[in-house]
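Novice: Below you'll find the structure I mean.
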Amino acid sequence: MPHIHEKIDFTVAIFVVHGGKILLIHHRKLDKWLPLGGHIELDEDPEMAALREAREECGFEVELIGERPPTTETGTRALIAPRFLDIHRISDTHEHIGMIYWARPKNSSAAQCAVEEHHDIRWCSSEELEHLQPVMSNAVKWYCRQAIAEIR
């Protein structure tokens, strides 16, 4: 997806937990272990983007976990709130505002690698995060461990 703006874009990160493990991808372009995720497209809201990215990157449907306020009425649709928000630098001139969601698989946890985007996809326990190569950032490790701890 091309950048929507030259300085900043909105993105989603989906930390999918199943059986005490987190689903991670080894991103081909960035050469990093990351959660599922990507850019929010112009015709999407954050919830739609999170569900689409999860489906595209792992091959199964997920259920986003979070609170949806009871405020939907004509002209308004309440969205599931992200668990966290962050802003992270992509280059010297570009940043992403990340909407960070927790999720669980809906019907299957058999992940399929999107080989055009990723080197690998795998379920990892909290302990296994320390042994990934390349090394995962401390911020992503924290989110992984937090999601595993909260989704039981």
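Computed from the coordinates by the stated procedures, all read-outs in this text should not be read as laboratory data. All figures in this text were calculated on a predicted structure; none of them were measured in a lab. Neighbour counts are summed over all protein chains in view; Cβ atoms, including those assigned to glycine, are modelled from backbone coordinates with ideal geometry.
Novice: So for THR74, THR93, fewest C-beta neighbours within 10 Å to most, what's the order?
Specialist: Lowest count first: THR74, THR93.
Novice: Classify the chain from the C-alpha gyration tensor, please: rounded if a/c falls under 1.5, else prolate or oblate depending on whether a/b exceeds b/c.
Specialist: Numbers: a/c = 1.58, a/b = 1.16, b/c = 1.36.
Because a/c hits 1.5 or more and a/b fails to exceed b/c, the chain counts as oblate.
Novice: So, one more: Given the DSSP H assignment, sum -39500 (n - 2.57) over each helix run of at least 4 residues in the chain and divide by its residue total; what's the result at 222 nm in deg cm²/dmol, nearest 500?
Specialist: Numbers: 2 runs with 26 residues, N = 152.
Calculated at 222 nm, the ellipticity per residue is -5500 deg cm²/dmol.
Novice: Could you identify which residue out of LEU132, LEU64, LEU42 has the top mean-square fluctuation in a GNM of the chain using Cα springs shorter than 10 Å?
Specialist: LEU42
Novice: How many lysine pairs are close in the chain, with Cα atoms under 20 Å apart and the two 8 or more places apart or on different chains?
Specialist: Lysine pairs, 8 or more places apart or on different chains, close enough: 6.
Novice: As a footprinting exposure proxy, order VAL135, VAL12, VAL17 by other Cβ within 10 Å, with the fewest listed first.
Specialist: With the fewest neighbours first, VAL135, VAL12, VAL17 line up as VAL135, VAL17, VAL12.
Novice: Here is a further query. Within 10 Å of each residue's Cβ, count the other Cβ atoms and sort ILE100, ILE14 from fewest upward.
Specialist: Neighbour counts put them in this order, fewest first: ILE100, ILE14.
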